[in-house]
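The values are calculated or read from the model by the stated rules, or taken from the named source; none is laboratory data. Quantities reported herein were computed from a predicted structural model and do not represent experimental measurements. Positions of Cβ are backbone-derived with ideal geometry, glycine not excepted, and every protein chain shown enters the neighbour counts. Note: accessible area is taken over every heavy atom of the protein model, side chains too, but ligands, DNA and RNA are not part of it. Shrake-Rupley method; radii C 1.70, N 1.55, O 1.52, S 1.80 Å.
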Amino acid sequence: MPTNFTVVKVEDMGDGSNSGAAAGGSRPISLDKVFQDEGDITNLQEPESDENLKESTPFINSNNDEDHSYDGKNMALYEEEMDSTPMVASLLNKLANYTNLTQGVREHEEAEDGGRRVAVMVPQMGTFVGVYLPCMQNILGVILFLRLTWIVGTAGILESFAIVSMCCICTLLTAISMSAIATNGMVPAGGSYYMISRSLGPEFGGAVGLCFYLGTTFAGSLYILGTIEILLTYIVPTATIFKDNNGEATPNNMRVYGTCCLLLMALVVFVGVKYVNKLALVFLSCVVLSIMAIYAGAIKTLIELPEFSVCLLGNRSLKNELFESCAKMEVLNNNSVTTDLWNFFCESEYGNATCDEFFTLNNLTEIPAIPGLLSGVIKDNMWSNYGPAGMVIEKNNLHSESPQIPSTDRDQYFVFNDITTYFTLLVGIYFPSVTGIMAGSNRSGDLRDAQRSIPVGTILAILTTSFLYISFVLLFGACIEGVVLRDKFGVSVKKNPVIGVLAWPSPLVIVIGSFFSCCGAGLQSLTGAPRLLQAIAHDGIIPFLQ
């Protein structure tokens, strides 16, 4: 049976409700008051969560008294609305904001800038910019530009393949283990140390974190020494302070200039890593341009050979930075005159002067430093050429006459081995060139999808750099003369880096590119190592660091 109700609006009693009740309740209680009381009781019993609050206010222009913020929230109804930015423009924007700093460094700098805290940005890095490029930049470094040609010339192509394969397989297995951790649950922000310590426990995390800290610290010294070697050997060779009896630079120059460079980099990091962050794209561009110049130079040898040549006395390589003409006598104004080489090995400049016996018995030969891909020099560079320190670098398939009484008075004009070489030594020298695979996991807090980006980006970077190193071993062995490959500092090619002799259009591309690459890697090590030690100390694993 239907019943009709009539709702009559009744004014609130306000403060006089008690008096009304005391009068016998002659006036009815307000419905608004009842509903308000019930709402208060519900709020006291069950606090409203943030999700319920969002659902209770579906409109942006809400009339509620509370002000809700919608900044940074995705209000799109469909996913297609978020893909309005073109792919090329999005990629260029990501490259413009590219950073090679470890997780937390940039946010820490921005938070302390101006004495105010800045809200951390929502992670927006993908696999390519967040993991692949940092790993590539860290793996391709100083060893590639300064020592890989010497390793190929000393170990030969076959053993160089073995060295590269061993080191790349080692890092690939490490990356696979790291990927297993990254895909096993949520990846925490804070880099590889946090990822390992939060997944495997503080014991494993502390042990691995300390080794990682020491490795990052010593890597900084490696990059600083590489920077100073490029500076003193190829850019400003006249800046050497300490010299030996033969006029050669001594290791004390590396110590003095390396200490000054370390202090300068530490000052830059102390002033602010945001300045380092601004140069991250410059350092990455130097690496990419240098690699492209190497490949372009190797291809160019099929068309035209570089102008660099090597002067051999018998089968021994000479330091041609000291002379221009690779001959004993030359014709000048229809007259035969002696050359600078004659003055080096003889007592006077006259033709009847007494000369070194090895210089008298052997002829001078000038051969191209870069014979090219079609020259067949790959057959000569296939096998190893190990030797003790002080051994003269000689061309294998060339014969020379040796004197009955060997003399060492003129040996300073030949190219020598500076250290004793053997297989395990070359493995130890090459191995730092494949490190740097943790660069992607160090940015775990900046990645949009860390579980997917870390394994894919790291393994792809390792495979790419392994291909680059193997191809470089093959190109160096097939293009460059063996005596030039074993010349560590390029003194037989006018004091140019051997890899720069092959590069196109000029060796300066490699010199400048490797210099800035080493500077950037050194700055990154100095910014990343203290942050890692700070994270270890913050966890309280090592008591005295607290």
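Some observations on this one:
- Over 18 Å between alpha carbons, listed pairs K319/K494; K395/K488; K328/K395: K328/K395
- On the basis of the beta-carbon distance and an R0 of 56 Å, Y350 and L463 show a calculated FRET efficiency of 0.30.
- Alpha carbon centroid spacing (whole Å) that separates segment 351-395 from segment 445-492: 29
- Percentage relative contact order, segment 370-507, counting C-alpha pairs under 8 Å, at least six apart: 37
- Between the beta carbons of F204 and L302, assuming R0 = 51 Å, the FRET efficiency works out to 0.45 to the nearest 0.05.
- Cα gyration tensor, segment 142-272 - rounded (a/c under 1.5), prolate or oblate: oblate
- Here the extension length gained between E330 and Y386 equals 16.5 nm, from 0.36 nm per residue of separation less the Cα-Cα distance.
- Heavy-atom accessible surface of segment 286-327, averaged per residue, reaches 44 Å², computed with a 1.4 Å probe.
- Heavy-atom accessible surface of segment 277-382: percent carbon and sulfur, 1.4 Å: 54
- Built amide H within the under 5 Å cut-off of V310, gap 5+: I367, A369
- Per-pair calculated FRET efficiency, R0 = 30 Å: I378 and V288 via Cβ, rounded to 0.05: 0.65
- Average Cα contact separation per residue, segment 352-451, under 8 Å, 6 or more apart, as relative contact order %: 32
- Full-stretch length increase - I542, K494 - with 0.36 nm per residue and alpha-carbon distance subtracted: 12.0 nm
- Both radii are taken from the alpha-carbon atoms of segment 255-303; with Rh as the Kirkwood radius, Rg/Rh is 1.25.
- Cα centroids of segment 397-431 and segment 497-546: 32 Å apart.
- Normalised radius of gyration (Cα atoms, divided by 2.2 N^0.38 Å) for segment 491-546: 1.95.
- Of the chymotrypsin sites (Phe, Trp or Tyr not before Pro) found in segment 219-268, the ones in coil according to DSSP and having at most 13 other Cβ atoms within 10 Å of their Cβ are F242.
- Relative contact order, percent, segment 488-546 [alpha-carbon distance under 8 Å, six or more residues apart]: 14
- Loop-located GluC sites (Glu not before Pro) in segment 309-389 whose Cβ has at most 14 other Cβ within 10 Å (DSSP): E324, E347, E349
- Near N252, once Lys and Arg are set to +1 and Asp and Glu to -1 for all other residues with Cβ below 13 Å from its Cβ, the sum equals 0.
- Electrostatic tally near K395: other residues with Cβ closer than 9 Å to its Cβ, Lys and Arg +1, Asp and Glu -1, net -2.
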